[in-house]
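Input: a single structure, listed below in structure tokens.
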Amino acid sequence: MVKKSQVSYFILNLLALATFVYLINSFNLNPFIGTQKNIWFALCLLGLYTLSGTFLDAKRKSRFKELVLTLNQSLIVAICLLFFTYTHLQNSRLSFAIATIFNIALCHFALFSIFRLTYLTALKKLLQNATIGFNTVIIGNKQKADTILKEIAAQKKSLGFKILGFYDLEHSTFQEKNSGQTLTHQIPELIKLHQIEEIIIAIETSEHLRLKTLLDELEEHHVTIHIIPDVYDIVSGFVKINYLFSIPLITLHRQFMPFWQRVIKKLFDVVFSTMVLLVLSPLLIIIAIFIKLDSNGPVIFSQERIGKNGKPFVIHKFRTMVLNAEACGPQLSSFNDTRITKFGLFLRRLRLDELPQFYNVLKGEMSVVGPRPERKFYIDQIVKIAPHYHHLHKVLPGITSWGQVKFGYAETIEQMVNRLTFDIIYIQNRSLSLDFKIMIYTIAIILQGRGK
């Protein structure tokens, strides 16, 4: 759901952009761009702001970081204009153009800094005055919850926590702060009903099993999680502590890949998948013909898998097994699986059976790189051993993954659990460079025929 602060911040930046374009026209700062290209210039700037994450939730923005972001955007504007003028103007006008570009970049930085910092300062005042805030619930130990409530209340300025109440893990009850009423709720129901944005976990981190179970339950919900650490956590230095008040908090961040990288990853998925399906279309037709000649049955095998946020979708692959291979129920394939056809074995070794999944990528159901999607039948068995499996559902599943590269295909539930470790590592360290590395490894596996 788009928040009001996001919409208002977007409108503010549109006003700043309109003012910026007006100023550079009024003071004749863009003679080398041309008035007729102002619309394109403005659209390019909007694209830059979107890519760099300007329009993310303004309530959570740091004014210093936003100032640095504005400076970086101004430098990018200057570099792009320098490149444009260098390729379009004669050498005799370059010195004039450089001075003009400097003025444009300076104007951009000054104007947007004023607009943005003024807005964020006003927003911070509203947060500090508790006029606005993040719906927050404290979960866990009543004694620790009371302590942190007193600490929050003792602050002269609000820190943005709008405490709605306390959730008792022992009895699955929620005590509302204002009314004092106690209600029986499950945590997912509580988050949805009260539109919870922040959760403070007030249990001992030494209670590892209990904490782990709670974190697993919160995995699928878009909330920011804070944990009150114990002394060992603080002195060990193994975790990053945020001292929001006299009691420190461990904050778990949900997005590990920067916004601009997520945008580029999405664009890459669409462009790369389109190119693969177009360029390899003759190969796809040849594979389809050989599948038909090799065995009876359809060319494409479709099966329901579980994707991002636990949402089911239908995955598509070239059929590599005999017809009705799972007539007796779901079965994982193995190295010497007699259900695999001769041509199907060839396709699997080169991973050519995965090619139709680029259609799933175009539909937005998958990514080129991401954890492999599984069937609900197997997920239900995996979570009994590894409840944190649901962590994988934070991101789009992929055609290739770090788990597949480092571990390979799984033939048993135990192997699926072992492979899970690599996919968790991928999610915690997601980046474009890691995606590129996984793709290089995948190509090497294909060339060596090590698929199965």
Checked the stretch 318-336 for anything among the small types (Gly, Ala, Ser) and on the phi > 0 side of the Ramachandran plot; matches are GLY329
Restricting attention to the stretch 24-45, report how many residues are at pLDDT 80 or above and crowded, with 16+ Cβ neighbours inside 10 Å.
-> 3
Yes/no for ILE306 being more than 24 Å from MET439 (Cβ to Cβ) and hydrophobic (A, V, I, L, M, F, W, C) | no
From the options ILE291, ILE306, residue that is of a type in the set (A, V, I, L, M, F, W, C) and under 19 Å from ILE413 (Cα atoms) = ILE306
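Among the residues of the stretch 131-167, write down those that are open to solvent by 70 Å² or more (accessible area, probe 1.4 Å) and farther than 18 Å from LEU190 by Cα.
Within the stretch 131-167, THR131, GLN143, LYS150, ALA153, ALA154, LYS156, LYS157, LEU159 qualify.
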Quick check: is even one residue across the stretch 156-163 among the charged types (D, E, K, R) and at pLDDT 85 or above?
-> yes
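Please go through the stretch 420-441 and give me each residue that is assigned to a helix (DSSP H, G or I), open to solvent by 20 Å² or more (accessible area, probe 1.4 Å) and touching a residue at least 24 places away in the same chain (Cβ under 8 Å), ordered by number.
Answer for the stretch 420-441, where residues must be assigned to a helix (DSSP H, G or I), open to solvent by 20 Å² or more (accessible area, probe 1.4 Å) and touching a residue at least 24 places away in the same chain (Cβ under 8 Å): ILE424, GLN428, LEU432, LEU434, MET439, TYR441.
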List the pairs whose first member sits in the stretch 177-188 and is under 16 Å from THR136 (Cβ atoms) and among the polar types (S, T, N, Q), whose second member is in a strand (DSSP E or B) and modelled with pLDDT of 80 or more, and whose Cβ atoms are under 9 Å apart, counting only residues at least 6 apart or on separate chains?
-> ASN178/LEU164; ASN178/GLY165
Would you please name the residue that is surrounded by the fewest Cβ atoms within 10 Å (Cβ to Cβ), looking only at residues in the stretch 281-310 that are part of a helix (DSSP H, G or I) and not aliphatic (A, V, I, L, M)?
-> PRO282
Of the conditions (1) at pLDDT below 95; (2) surrounded by fewer than 12 Cβ atoms within 10 Å (Cβ to Cβ), LEU278 fails just one. Which one is it?
-> (1)
Touching a residue at least 60 places away in the same chain (Cβ under 8 Å), over 30 Å from SER8 (Cα atoms), crowded, with 19+ Cβ neighbours inside 10 Å and more than 27 Å from the chain's Cα centre (by Cα): does that describe ILE104?
-> no
Just wondering, is there one or more residues in the stretch 194-216 that are under 29 Å from the mean Cα position of the chain (by Cα) and on the phi > 0 side of the Ramachandran plot?
-> yes
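The values are calculated or read from the model by the stated rules, or taken from the named source; none is laboratory data. In this text the structure is predicted, and so the values were computed from the model without any measurement. With ideal geometry, Cβ positions are generated from the backbone for all residues, glycine too; neighbour counts draw on all protein chains shown. We work out accessible area using only protein heavy atoms, side chains counted, and drop any ligands, DNA or RNA first. Shrake-Rupley method; radii C 1.70, N 1.55, O 1.52, S 1.80 Å.
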